[in-house]
Amino acid sequence: MRCERARCPPKAVYWGTSDAAVSIAGLFVLGFGISLFFPLVSGQAIGATLVAQHDRASARTALAGGVAILTMPGLLGELAGRVGLHNAHLLVPTLIVAMLAAFLVGRELERRHPFAHLDQ
């Protein structure tokens, strides 16, 4: 699958080319887009806790991000060794969809019970 740079989303650019420079540019854009999820999730976690527990929520989201950064490349590499690099990278959009679903569920719960965390 070959892509013209102007008509392909970053993931298609990453998977659809054999040119290293184009592939690296696609990875950069993917990483930049994914990086926006951390402040979104962190803000939601802090907002869903009591004021006295904001520091704990912040620390837990930072720890979760660190653990993901530490473990996921190795797990992805191991999976790539077993099923191939292209198939292993299908895990990434799956995890993004799962994270987005968890975020939307959290937002809906917060919308239905906006001050439930203050009753504790």
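The values are calculated or read from the model by the stated rules, or taken from the named source; none is laboratory data. Model, not experiment: these values are computed from the prediction. Please note: Cβ atoms are built from the backbone with ideal geometry, for glycine as well, and neighbour counts cover all protein chains shown.
Looking only at residues that are among the polar types (S, T, N, Q) and more than 28 Å from Leu27 (Cβ to Cβ) in region 47-90, which one is surrounded by the most Cβ atoms within 10 Å (Cβ to Cβ)?
Among them, the one singled out is Thr49.
Hey, which of the helices (runs of 4 or more DSSP H) in region 48-120, taking only ones fully inside, have at least 2 residues that are at pLDDT below 80?
So the answer is 85-88, 91-112.
Among the residues of region 31-41 satisfying the criterion of being in a helix (DSSP H, G or I) and without any contact (Cβ under 8 Å) to a residue 24 or more places away in the chain, which is farthest from Thr94 (Cα to Cα)?
Looking at residues that are in a helix (DSSP H, G or I) and without any contact (Cβ under 8 Å) to a residue 24 or more places away in the chain, I get Pro39.
Quick one: which residue in Gly43, Gly77, Gly65 is within 18 Å of the chain's Cα centre (by Cα) and farther than 27 Å from Val105 by Cα?
Residue meeting the stated conditions: Gly77.
Just to be sure before I move on: is Gln44 surrounded by 14 or more Cβ atoms within 10 Å (Cβ to Cβ), free of Cβ contacts under 8 Å to residues at least 12 places away in the same chain and either part of a helix (DSSP H, G or I) or in contact with a Ser or Thr (Cβ under 9 Å, 6 or more places away or on another chain) (or both) in the structure I sent?
Judged against the criteria, Gln44 is not a match.
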